[in-house]
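The values are calculated or read from the model by the stated rules, or taken from the named source; none is laboratory data. These numbers were taken from a predicted model, which means no experiment stands behind them. Cβ placement follows ideal geometry from the backbone for every residue including glycine, while neighbour counts extend to all protein chains displayed.
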Amino acid sequence: MTREQVGKQKPVVVSLQNCSQRNAWDKDEQLAQLCGTLEKEAAQVPWDTSPEKVASVHKLIRTLKQRFRGVSQADKYRTEVKRRQRKAGRRTAANTTFRH
């Protein structure tokens, strides 16, 4: 799970729960599997955070959400700004093309 995926963590949690049931994982195994799926910046969270904040799947997910809370929102705003710029650019190009 990357930092971008933290904001969209429901599919990851559901997948973890399904695998946990199918493979009869206990809580420690679930935590180990979740830690194993972390990538990039998110993979560092279990190592740079106090142990009590990552002692369970629930606590780890909460810590990840707190750490990367603004990432999804920032990406959303960045995408919206680009879309508006493209839209404004088309309007400007259309206006200049048809003016004589």
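Side notes on the structure shown:
- Residue match in the range 47-67 (condition: modelled with pLDDT of 75 or more and of a type in the set (Asp, Glu)): yes
- For the range 6-29, the candidate set comprises residues that are at pLDDT below 85 and either among the charged types (D, E, K, R) or more than 16 Å from the chain's Cα centre (by Cα) (or both); within that set, the residue that is surrounded by the most Cβ atoms within 10 Å (Cβ to Cβ) is LYS8.
- Among the residues of the range 33-64, those that are under 15 Å from VAL12 (Cβ atoms) and either among the aliphatic types (A, V, I, L, M) or assigned to a loop (DSSP other than H, G, I, E, B) (or both) comprise LEU34, LEU38, GLU39, ALA42, ALA43, VAL45, VAL57, LEU60, ILE61, LEU64.
- Checked against (1) of a type outside the set (Asp, Glu); (2) at pLDDT 70 or above; (3) over 16 Å from LEU16 (Cα atoms), VAL71 passes all but condition (2).
- Qualifying residue in the range 30-43 (condition: at pLDDT 90 or above and of a type in the set (D, E, K, R)): no
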